[in-house]
1. Only helical DSSP H runs with n ≥ 4 go in: add -39500 (n - 2.57) per run for chain A, normalise by residue count and round the 222 nm mean residue ellipticity to 500 deg cm²/dmol.
2. Whole Å is fine, so just give me how far the alpha carbon centre of segment B:179-250 lies from that of segment A:277-351.
3. Once you order the gyration tensor axes a ≥ b ≥ c over the Cα atoms, which shape class does segment B:39-184 get: rounded for a/c under 1.5, otherwise prolate or oblate by comparing a/b with b/c?
4. Which value, in Å to one decimal place, does the Kirkwood hydrodynamic radius take for the protein assembly as shown when every pair of different Cα atoms is included?
5. How far is helix B:92-110 tilted, in degrees, relative to the longest principal axis of the Cα atoms in chain B, given as a value from 0 to 90 rounded to the nearest 10?
6. Roughly how many whole Å is it from the C-alpha centroid of segment B:125-156 to that of segment A:76-98?
7. May I ask you to derive the relative contact order of chain A, considering only C-alpha pairs under 8 Å and at least 6 residues apart, and to give it as an integer percent?
8. Residues of segment B:223-260 with the amide nitrogen closer than 12 Å to a label point 7 Å from the Cα of residue B:287, along Cα-to-Cβ, please.
């Protein structure tokens, strides 16, 4: 077979494939791109739970596909293109680092709808969605500040992007509010999922006196490190991580993507899909707080639950003034609430955090 | 920066732990190279050992059996290398590189379904009396058993190469395989055994990562440790005790850079992360490397 005939048959097959998906009776095809493996027990695990919920809800009307452990960068573009060529009608790209690739591929496939998680670039056929994880971080900080005895809280950060910095600031402010002596030690792991690096970082933080570890990386390795150390408190990240409860894991932030994924898939089926920007928190249920275990004293648990309730009703916002920036300049005056624009692009620490954000 | 938050005792203690995987892989490769074979597939054997050890440990709930499985897995993979290079006389450099790529792929395949699974715990030994010595006790005598197994293998290798007849034969095969053959020694048998020992040690090193250090399985978790092990063999001029020094140096810089970061050092994270590798390169350049075994990397065929 010559290259020409090969190419010709490939084009033919492609034409048949895309022709077939145009048929109205065919199921709607929904694709998911994951940054880690579905078994990570954290971030990607919860996105996959959302995918399974979509399958269960729609049954035969919807077909889902996914690709796991897709590196952020050019490789992601290849995977997305492949998915679009295979007839996906809606593609969820579930990591910040897919942002530019999602926009680039969306331009080439105007009929395919794209949904990019945690990013800020939108287009005619690209929506963005994220959760207000920082509301959960406020609860974590509130508990962490009261659980620590060494007054040192270790924080395993992933990449220096606004979402992560928001989490650090929110946790710090609420830890400081209940424990003025608290100090944050931050290690930048430069990965979303690498159990080896995460375990090293957790061990070093523990060696330097941290007795609470907060993580913005997706694996359970820091939980295992804390368990081995014996006297260190952790929180589940993105997923409940209940296998480490009641100790070291005393609570968690749970991402619940299922309702959003079902609603957006429905919109594609109905033909009512529009490019939107969704940013939901504890109130609408996109951010859940895992059960606070009995390792937490009753009064701390009660006050944490009161805080959750105030966040749920919207009565309280985590970033409410007075708050100064790290350099001492005023960010929010007394009673002032941060606007979404500033939060979305947050690139500074609040007053009291030691160290610089890597550039 | 607050340097006082770095506890030197804990730093030295975790240095020993951080160095163990590289130490195990490197001591195996040292024996292989002393027998005149250059196996660049250490990384592939390490990662295969990591996954084999993890699978066995999860299935049997015993870390010790896991380590045994890792050694067997690494040795089996090295047999492929041995067969290709010793019997089919393929190029050792190319075959070793291929073994690394093969091992990475094979381990990812075996590890499907083991991502996110918890390994059985492997508690530290608290050695009575010795562990109570101030300063030295917490640094040296309160680790998990594999740290001591690693040290025992180094000591054993040193004694074997220096004092035993079998060690002398192995060195002879590595220095001049024609002469060893003429004296009636079985060059291929010695080399195959050395290659299997190297594979088993690399497997142990990998399993130390997946069962103790992390302890979890992920694809590519050795992250280049096998290449560092190769560099440390050269750095050590093919001598066991200097190899121990090299592994501790690399482990020490690795632990130190994370500690500096956590202490808020005003050095870029990127520079800190590259520090262990820069240190290894610098030492390799500065130290005058000893003489390599005479027949290193050459194929042997009895008819020649």
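Where a number appears in this text, it was derived from the coordinates with a stated rule and is not lab data. Worth saying up front: this structure is predicted, and the values here are computed from it rather than measured. Cβ placement follows ideal geometry from the backbone for every residue including glycine, while neighbour counts extend to all protein chains displayed.
1. One gets -13000 deg cm²/dmol as the mean residue ellipticity at 222 nm.
2. 51 Å
3. oblate
4. 27.1 Å is the Kirkwood radius here.
5. 50 degrees
6. When both Cα centres are located, 51 Å separates them.
7. Here the relative contact order equals 16 percent.
8. B:229-251
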